[in-house]
Each structure stands twice: as C-alpha cells, then as structure tokens.
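Notes follow the structure.
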Amino acid sequence: MGEYIKTEIIDGSVALIQLDRPKAMNALCNGLMEELSIALQDFDRDSDIGCMIVTGNEKSFAAGMDIKEMQSKDFSDTYYEDMLVDSADRIMRCRKPIIAAVAGYALGGGCELAMMCDIMIVADNAKFGQPEVTIGTMPGFGGSQRLTRLIGKAKSMEMCLTGRMMEAEEAMLCGIASRLVPAEDLMEETVGVAKLIASKSQMSTMMIKEAVNRAEETSLSEGLRFERRLFHASFSTKDQKEGMQAFIDKRNPDFINN
Ligand code: CO8
C-alpha cells in the first residue's frame, strides 16, 4: 500500500497492484512510478508470488506521464535525472510474468507501461494511444519501439504521428492485446490467468519469459539456440521430474519451484 497504489495478494501467489490516482486519471507522476516499480520488484523477489497484475480503474488504466509535473522541466532536468530510467529498469528486471489488466484510457506512458507488461488483457472500453505529439513531444517510455514491434511501422507511425486513440477491438486485432473481455469481467478473467500461471513451476515460467523476450532482441538462430539451452537446463530442475512424473501417474503436479 502506498500513496498512489494499492496492493493485494490473492490466494497467496498472485500480486495485484492497482494504480490509485483516480482524480488525475492515474497519471504517472514520479511518486507513482517509484511506488509501482518498487512494489513489482519486491513481489518479483517474493518466492510465494508466481505472477503479478498491474491495473487501474474502470475509467483509466493510466492517462500517461503526469503532464503537470513535466511541463516546466527543461532538457537538462530530464537528461541529468535520466527521467524515469530507474523505474523502467526495475520493471524490466522483473523475471516473473506481469499481466496488464487494462480498462479505459491507456495513453502515452500508460500505453507504454501496459506494453512493458508480458500479457495484456483488455476490457471492451479500453482506449490506447500515443498522444504525445498533441502536446509537443513524443513517446519516451518505449512507445515508438514497442508499438512498432507489436503493430508494424505503418500503423505505429499513424498512431504516434496523429495521436489518435485506438479502441479495444482494434488493439486486439493488431496484436497489442492478448485477450478482450467485457469490462465487468476484466478482473475475474485476469486473476484467473494469473492464478493459472502462478500454479506452474516458477522455474518454467521465468525461463519462458526470458526466452520469449529474447525473441524481440536477437536473430532467429540465436534465439533458437538460447531457447534450446534453457530447455536443456529445465531438465536439471526437480519440477521437470515432478511435472513429467505427474503426467505419467495421471495426477496433478506438486511444484516446489526448484
Ligand atoms: N497528466 C496530468 N494530469 C492529467 C493527465 C496527465 N497525463 N491526464 C489527465 N489528467 C488530469 C486532468 O488534468 C484533470 O485534472 P483536473 O481535474 O485537475 O483538471 C483530470 O485528470 C481529469 O481529466 P480530464 O478532465 O481531462 O478528463 P476527460 O475525461 O475529459 O479526458 C483524457 C480524459 C482523454 C485521458 C484526458 O485527460 C487526456 O487527454 N489526458 C492527457 C493524455 C496525454 O496526453 N497523455 C500523454 C502524456 S505525455 C507522456 O505520457 C509521455 C511519456 C514519455 C515519458 C518518457 C520519460 C522518459
């Protein structure tokens, strides 16, 4: 629990972090980013937690970085403090899966934050956009890179250059979102996915996250080699022995994250 976020542990294994600045549409002020990234880091290090969820409220996931906080900064302020780099690094270093549950606005830094997560489940009222161009700046929290990788150059250019919003259905069709659900079912669906992930061996889920992320950053042959090595390494875990034995015995596995 912090000034800008609420946290909850569900069934002992899923950590839910709710951005809680409703009066400012969950604008991502420095304090919020600090609290969020530290909470994610702490949950990531908690051996009981197998999956994290980041969500906002029904009106807004996050309407971007806090414009009121940024407006008066000049280049040397942002450059010298390396604006938001610590928070982004903390989030990117998380090794366990993070799900973004998005309802309402996910704009600018909010869209970028959602795209930093590993899975995105969206409500039918979700709206995505990179509207920085309309306030005289540009995406700076990964939008120009992640959006382009997700939806391709032409569509990413159009989104970033016009600042237009994209509805949930379009986001689903072009590959931003992994699942589209009615707004009232968003949390139930997301918690269900998170519990399923958390019920697996953390050794497997962490290796899978590492391998899938590698696909974005390397050639196919290097990525395949990396995957193969992790796959081989998974045979050194007790959970691989248990998982396969449980299949043979026709019972549920009892994973110990080892
Ligand atoms: N920052 C600060 N305050 C905000 C923000 C924001 N991003 N978004 C909304 N608010 C505030 C409003 O100012 C308003 O406050 P007040 O009640 O004090 O006037 C309150 O939230 C409610 O907002 P609205 O009255 O505007 O609500 P509407 O329902 O009419 O509109 C919108 C909702 C469409 C979400 C609208 O508020 C909006 O367009 N917000 C700004 C969206 C935007 O431009 N986001 C991009 C910000 S820039 C960014 O994210 C850069 C990322 C890169 C950083 C890189 C760092 C390294």
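The values are calculated or read from the model by the stated rules, or taken from the named source; none is laboratory data. Just so you know, these numbers come straight off a predicted model, no measurement behind them. Please note: Cβ atoms are built from the backbone with ideal geometry, for glycine as well, and neighbour counts cover all protein chains shown. These area figures cover heavy atoms from the full protein model, side chains too; ligands, DNA and RNA do not enter into them. Shrake-Rupley method; radii C 1.70, N 1.55, O 1.52, S 1.80 Å.
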With the charge dipole of the chain built from beta-carbon charges (+1 for Lys and Arg, -1 for Asp and Glu) about the Cα centre, the Cα from Ala215, Pro182, Phe235 projecting farthest to the positive end belongs to Phe235
Average silhouette area of the chain, convex hull of alpha-carbon atoms, in square nanometres
14.9
Does anyone have the angle between helix 153-162 and the longest principal axis of the chain? Alpha-carbon axes, 0 to 90°, nearest 10?
40
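Return a whole-number percent for the relative contact order of segment 141-257, with Cα pairs under 8 Å and 6 or more residues apart as the contact set.
In percent, rounded to a whole number, it is 17.
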Could the peptides 149-155, 127-133, 44-50, 101-107 be put in order, highest first, of the mean number of other beta-carbon atoms found within 10 Å of their residues?
101-107, 127-133, 44-50, 149-155
By average Cβ neighbour count within 10 Å, what is the ranking of 30-36, 2-8 from highest down?
30-36, 2-8
Can you give me the three principal axis dimensions of segment 199-250 from its C-alpha atoms, in Å, biggest first?
39, 19, 16
Check cross-link reach from Lys59 to the lysines: straight Cα distance under 22 Å, and skip same-chain residues fewer than eight apart.
Lys6, Lys23, Lys68, Lys127
Compute the helix-to-body angle for 220-234: its Cα long axis versus the longest principal axis of the chain, expressed 0 to 90° and rounded to tens.
50
Would you mind giving the average projected area, over all directions, of the Cα convex hull of segment 28-180 in nm² with one decimal?
8.7
Inter-label distance, nm, simple model (7 Å from Cα along the C-beta direction), Thr134/Arg179
3.1
Go through 70-79, 201-210 and give me the packing order, highest mean Cβ count within 10 Å leading.
201-210, 70-79
Heavy-atom surface of the chain, accessible at 1.4 Å and reported per residue (Å²):
54
Summing Lys, Arg as +1 and Asp, Glu as -1, what charge do residues with Cβ under 11 Å from the Cβ of Met172 carry, Met172 excluded?
-3
Dipole of segment 17-70 (Lys/Arg Cβ +1, Asp/Glu Cβ -1, origin at the Cα centre): which of Leu28, Ile67, Thr55 lies farthest to the positive side?
Ile67
Expressed as an acute angle from 0 to 90° and rounded to the nearest 10, what is the orientation of the C-alpha long axis of helix 30-45 relative to the principal long axis of the chain?
0
Carbon/sulfur fraction of accessible area - the chain, other protein chains in place, 1.4 Å, %
54
For Ile53, the residues 5 or more places away or on another chain with a placed amide H closer than 5 Å to its own amide H are Ala15, Leu16, Ile17, Ile99
